[in-house]
Amino acid sequence: MAIRGAYTIAMRILISSLLAAGALFAADPPTAFTGARVIDGTGKAAVENATILVRDGRIEAVGRVVKIPDGARRIDLTGKTVIPGLVNAHGHVSNIDQLGLYARYGVTTVFSLGGDREVELRREAAGPGRARLFIAGPIPTSRTAEDGRKAVDAIAAAKTDIVKIRIDDQLGHAQKMPPEAYTAIIDEAHKRGMRVAVHIVTLADAKAVLRLGADIIAHSVRDQEIDDETIALLKKNGAFYIPTFLREVSTFVYGENPGWLKEPFLTRDGNHSEMARAQEAAFQEAMRNDAAGKWYKEHLPVAMRNMKKAYDAGVAVAMGTDTGPPYRFQGYFEHMELEYMVDAGLTPMQTIVAATSTGARALKAKDLGTIEPGKQADFVALAGNPLENIRNTRTLESVWIAGSRVPEKQ
């Protein structure tokens, strides 16, 4: 009997210990974000006084009538507008801190379209307060078909999300990649089940790579008006078109000493040394006299018309900026890009969709881009309503990635 009693006591202690351990490692309680106007990124009308219920980093329910479980944490967003986290479908990341910078500006996902350090950075990219990272890896500079296929071999081995190439003579100052090289790269990538994004400038080059099956046109066609053949090729390929207006703007705007260099939304978190340099007289004079900058300024209206024509024809247009190089301010430029997209003729709602769900589709990220059940809880709370004025995305008050708040800059 003594042995049996001791056994019973031991079992009770074990069960109590297991229950205590279970309590210790239990999942966090869900969080209910209440009272907000929700623009879900699908293009549907905004939902007023909505609740977003988040559990374990994902959206469990969203709508005007959502049952909030007992014990749920509540965050009152009454009077705020919530949109999905912005998806930059064409940026560049060269260090981990930039992922934090993007995130603080509400850019919760970045497609870094080419860089020698991207594969290395991806290994350490995941972490609290950082934007999600998708990569292209090193950009091939092949001159022959054989070298092009070898380049794809290396990129495929690194398991990047896409292959990126450049077809650009820098307005006559460089040699373009030969057709035999980029033809081989696109063919080899598709054989391996990888998509291809292409940096182009001209209509002729866009057509050439689209005829080969290019999946993403990573910049606007800038030299002339887009035609029906190009539209048909884009739609046939199911290709995404990323206008990157701010890339063009960055080549000439500092010659005009733009007032936004002193805007608090930029100065609170942007690169202050670059801001100071951009306001120096010698720098501005050089920008005013730069031939490439003059060309891009002259052709920016062409690019804007081409984006609108492509969108109206049913081409998938995603927001991208080519931010990352100097004087292209990560995070801030994404909000400016939204304004240029509206100026080009899209409605604020269409622009938000391009910067959220369409961007996620360009990345093939099925669990990102919208505020819907099952999706990652990546969203931004704004003080203003961007449907009234797209500049209200700059009234950003909080950013959430997987249901956790992104900390402000320390």
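Laboratory data are not the source of any read-out in this text; all were calculated from the coordinates shown. What you see is a predicted model, and the numbers here were worked out from it, not measured in a lab. Cβ coordinates were reconstructed from backbone atoms using ideal geometry, including for glycine residues, and neighbour counts include every protein chain displayed.
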Original post:
Which residue, chosen from G293, L86, M341, occupies the Cα position most advanced towards the positive end of the dipole of the stretch 85-372, where the dipole is computed from +1 (Lys, Arg) and -1 (Asp, Glu) charges on Cβ about the Cα centre?
Top reply: L86
Original post:
How long are the three semi-axes of the equivalent ellipsoid for the chain, computed from the Cα gyration tensor as the root of 5 times each eigenvalue, in whole Å, largest first?
Top reply: 42, 27, 21
**OP:** Provide the descending list of Cα extents for the stretch 249-333 along its principal axes, expressed in whole angstroms.
**Re:** 43, 30, 20
Subject >> Value in Å of the Kirkwood radius, where the stretch 201-349 supplies the Cα pairs that are averaged >> reply: 16.1
**OP:** Please list the non-local residues whose amide H lies under 5 Å from the amide H of A316, H modeled 1.01 Å from N, same-chain partners needing a gap of 5 or more.
**Re:** Y241
**OP:** For the chain, return all DSSP H helices satisfying: extent of Cα atoms along own axis at least 30 Å; mean Kyte-Doolittle hydropathy at least 1.0.
**Re:** 2-24
Original post:
Given that compact globular proteins tend to follow 2.2 N^0.38 Å, what is the ratio of the alpha-carbon Rg of the stretch 19-172 to that value?
Top reply: 1.42
Original post:
When only C-alpha pairs under 8 Å and at least 6 residues apart count, what is the relative contact order of the chain, in percent?
Top reply: 20
Original post:
Within the chain, what percent of beta bridges assigned by DSSP are antiparallel, to the nearest 5?
Top reply: 45
Original post:
Amide H neighbours of G114 under 5 Å, counting only residues 5+ apart in sequence or on other chains, H built in-plane at 1.01 Å?
Top reply: A136, G137
